[in-house]
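The block underneath contains the structure these notes are about, expressed in structure tokens.
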Amino acid sequence: MTDHEQVEFTNEQYREFFGPPRREPLAPRSRRLPGGTRLLGLFVAAAMALGGAFALVDAVITNPDIREPADIEAAAWSRVNESPFGFLVSEIRVVPIDDGRVGAFVTNNPPDGIIQIDFRPWTQDRLDELMDHEMGHLVDFALWEPTDPARKNGLGTEAWAECAAVDAGTRLTDPRDPGGEYHCFPDELEIFEETLSQVTEICARWGSRQCRTAEELGLDPGGPANNG
């Protein structure tokens, strides 16, 4: 993202463009948005409707220290570059997402490997967890056709992504049902690990269409190697 063509919004103008205030407590942030980005925000809902996978942000983010779009993007790439599945990410975009519960999303209609992150203050730990979740979705999109009923051994889409973050070491399994589809129970983690242990190769269906073998990815019968 560049710093040219920046515009300043009053609170009233921001609400007019991007809807009512977020429903979770967030630290104050700048309303300065590049001209192209503010237009993109108007189409996020349409992109979601085309088919996407989302990471909800339910917890209050305390002491966020990453605020500027360029810094958010750089911090997100830092985690992606540490992950064996980082080659599946084709691009990271920092955009305003209207739904305050949604921290990031990737599109699966068709998948393009682009992770879109909300323009809000973040901590590095929270971004790491978010990236591991979204890369979990990209592993799903790389391995299976979306309509295949046998994909992921029946593990739900969001449970798969949540378990990807657990396996990467940035979150813990859920000891009880938190409600909704965003969870990774111990038995779901076993399904995740068992499913990936049977993978011989993962190839991106987008971008450079790179492939990585199970050995290169650190996959073995015991499950993927933790990288957190």
(request) Enumerate the amide H contacts of Ser90 below 5 Å, restricted to partners 5 or more residues apart or on another chain; note that Pro and chain-start residues carry no placed amide H. (result) Ile114, Ile115
(request) Could you calculate the contour length gain from Ser90 to Glu216, that is, 0.36 nm times the residue separation minus the distance between their Cα atoms, to one decimal place in nm? (result) 43.5 nm
(message) Output needed for the range 55-143: three equivalent-ellipsoid semi-axes, defined as square roots of 5 times the C-alpha gyration tensor eigenvalues, in descending order, whole Å.
(response) 20, 14, 11
(request) Rounded to the nearest Å, what's the spacing between the alpha carbon centres of the range 59-138 and the range 141-182? Just the number, please. (result) 17 Å
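Kindly rank 129-142, 179-192, 112-125 from highest to lowest mean number of other beta carbons found within 10 Å of each residue. Each step should come with its number before you reach the end.
Working: 129-142: 26.1, 179-192: 16.1, 112-125: 20.6.
The most tightly packed comes first, giving 129-142, 112-125, 179-192.
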(request) Tabulate in residue order the Karplus-calculated ³J(HN,Hα) for the range 121-126, using 6.51 cos²θ - 1.76 cosθ + 1.60 with θ = phi - 60°, rounded to whole Hz; enter x for Gly and Pro. (result) x, 9, 9, 5, 4, 5
(message) With θ taken as phi - 60° and the coefficients 6.51, -1.76 and 1.60, list the Karplus ³J(HN,Hα) couplings across the range 131-146 in order, rounded to whole Hz; mark glycine and proline as x.
(response) 5, 5, 4, 5, 5, x, 4, 5, 4, 4, 5, 6, 8, 10, 6, x
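Here, each number is a calculation from the coordinates, and none is a lab measurement. Just so you know, these numbers come straight off a predicted model, no measurement behind them. Every residue, glycine as well, gets a Cβ built from its backbone with ideal geometry; the counts of neighbours run over all protein chains shown.
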